[in-house]
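Participant: Please see the structure below; I have some questions.
Read-outs throughout are calculated quantities, based only on the coordinates presented, and are distinct from any laboratory measurement. What you see is a predicted model; the values in this text were computed from it and never measured. Counting neighbours? That spans all protein chains shown, and the Cβs are built from the backbone with ideal geometry, glycine included.
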Amino acid sequence: MKRVIIIPARLNSSRLPNKVLLDLEGKTVLQRVFDQCVKVQNVITYIATDSELIREECLTFTDNIIMTKTTHDSGTERVIEAVLNLDCNVVVNVQGDEPFINPLLIENLFQTIEKDSVLMASVKERITEKKDLINSNSVKVITDKNNNALYFSRSVIPFFRDGLESILDDNGKISSSYFFYRHVGIYAYKKSFLCEYSNLNEGYLEKLEKLEQLRVLENGIKIKMIETSYKSIGIDTKDDYYSALKIIRDGF
């Protein structure tokens with residue numbers, strides 16, 4: 001199958017404006033994302049943006065830039081426009097604020113989406129810290145026995161009726177007996193499915209949670225989840241940015 005990676009990038013992030021152009025030790029956040037993506041074999045990587053400022057910055061390291069409309073409400077909508085005229089079968093959408101995304105994880109996603117029965121796939125990682133579990137910026141996911149997503153939420157799911165303190169071990173971490181997962185915001189799609197997605201209406205749950213992946217579940221479509229141990233951080237806040245700087249300075 002012909003593979004492409006699309007990195008949707010915009011300037012108007014509500015929590016951290018212009019975050020994709022923030023400097024991480026001589027390279028922007030977006031360039032570091034791109035550098036990780038091009039390590040994946042047999043894939044062409046594109047940046048999709050509606051910003052001339054982003055385009056000018058990206059031209060310093062790649063010509064693979066697709067200009068898109070300014071009216072998109074989500075990264076997925078931008079990806080759909082970007083791939084319309086590309087010769088590909090499968091697409092991975094890598095967020096423009098994930099500078100440490102692991103190329104092996106992207107390859108695993110490609111292998112998953114290339115299975116005949118899978119239309120859309122994404123990633124989960126085990127939560128071990130209470131602070132991550134209760135952080136509304138950290139989206140949680142629960143799955144069925146076949147690793148298809150049941151629900152995504154900014155709240156703690158599943159809800160633990162006896163209280164979170166009772167599931168912590170002696171070190172203050174979540175006991176290994178309990179399973180909570182963070183959703184890692186990277187997606188894979190069949191290109192044919194993206195055309196179907198563009199015709200789906202925004203759902204009630206999506207409006208409440210502000211999570212576009214819920215549109216897929218509300219329309220009865222499965223999202224295959226793969227578990228990863230590759231650690232990454234998305235840059236959503238200033239604290240995330242400072243954490244990313246530290247990772248770079250420590251020798252990433």
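Participant: Could you line up L211, L53 from fewest to most neighbouring Cβ atoms inside 10 Å? Show your work: numbers first, answer last.
Facilitator: On the way: L211 20, L53 11.
Listing L211, L53 from fewest to most nearby Cβ atoms yields L53, L211.
Participant: Sequence-distant or interchain residues sharing an amide H contact under 5 Å with E129, placed H: which?
Facilitator: I174
Participant: Could you please report the charge total around S198, scoring K, R as +1 and D, E as -1 over all other residues with beta-carbon less than 10 angstrom from its beta-carbon? Walk me through the numbers before you get to the answer.
Facilitator: Working: positive: none; negative: E77, E81, E196.
Net of charged neighbours comes to -3.
Participant: While we're looking at this one, here's another question. Of all the stretches in the chain, which is the longest one without any exposed loop site, taking GluC sites (Glu not before Pro) in a DSSP loop (any state but H, G, I, E, B) with at most 16 other Cβ atoms within 10 Å?
Facilitator: Values: sites that count: E25, E114, E202.
It runs 26-113.
Participant: Using a 10 Å cut-off around each Cβ, can you sort K69, K173 from fewest to most neighbouring Cβ atoms? Kindly include the intermediate steps, with their values, before the conclusion.
Facilitator: On the way: K69 9, K173 13.
In order of increasing Cβ crowding within 10 Å: K69, K173.
Participant: DSSP loop (so not H, G, I, E, B), at most 12 other Cβ within 10 Å: list which trypsin sites (Lys or Arg not before Pro) in the stretch 198-252 pass both filters. Walk me through the intermediate numbers first.
Facilitator: On the way: sites: K207, K210, R215, K222, K224, K231, K238, K246, R249; in loops: K210, K222, K231.
Listed in order of number, the matching sites are K210, K231.
Participant: Can you give me the Cα centroid spacing of the stretch 189-211 and the stretch 80-134 in angstrom?
Facilitator: Between the Cα centres of the stretch 189-211 and the stretch 80-134 lies a distance of 16 Å.
Participant: Strictly over 28 Å apart at the Cα level, which of K130/K190; K190/K210; K69/K131; K130/K224 would you flag in this model?
Facilitator: On the way: K130/K190 35 Å; K190/K210 24 Å; K69/K131 37 Å; K130/K224 26 Å.
Correct reply: K130/K190; K69/K131.
Participant: Going by the alpha-carbon gyration tensor, a ≥ b ≥ c the square roots of its eigenvalues, is the stretch 18-76 rounded (a/c under 1.5) or, if a/c is not under 1.5, prolate (a/b greater than b/c) versus oblate?
Facilitator: oblate
Participant: Let me ask something additional. Which residue, Y241, V139, F160, has the largest displacement toward the positive end of the dipole of the stretch 3-249 when charges sit on each Cβ (Lys, Arg +1; Asp, Glu -1)?
Facilitator: Result: F160, furthest along the dipole toward the positive end.
Participant: Is it possible to state the helix-based mean residue ellipticity at 222 nm for the chain, with each DSSP H run of 4+ residues giving -39500 (n - 2.57), the sum divided by total residues, to the nearest 500 deg cm²/dmol? What is it? Intermediate values should be presented prior to the final figure.
Facilitator: Values: 9 runs with 72 residues, N = 252.
Calculated from helices alone, the mean residue ellipticity at 222 nm is -7500 deg cm²/dmol.
Participant: A follow-up question, please. Apply the a/c threshold of 1.5 to the C-alpha gyration tensor of the stretch 125-252 and tell me whether it is rounded, prolate or oblate. Let's see the in-between values first.
Facilitator: Working: a/c = 1.94, a/b = 1.34, b/c = 1.45.
Taking the square roots of the gyration eigenvalues as a ≥ b ≥ c, the stretch 125-252 is oblate.
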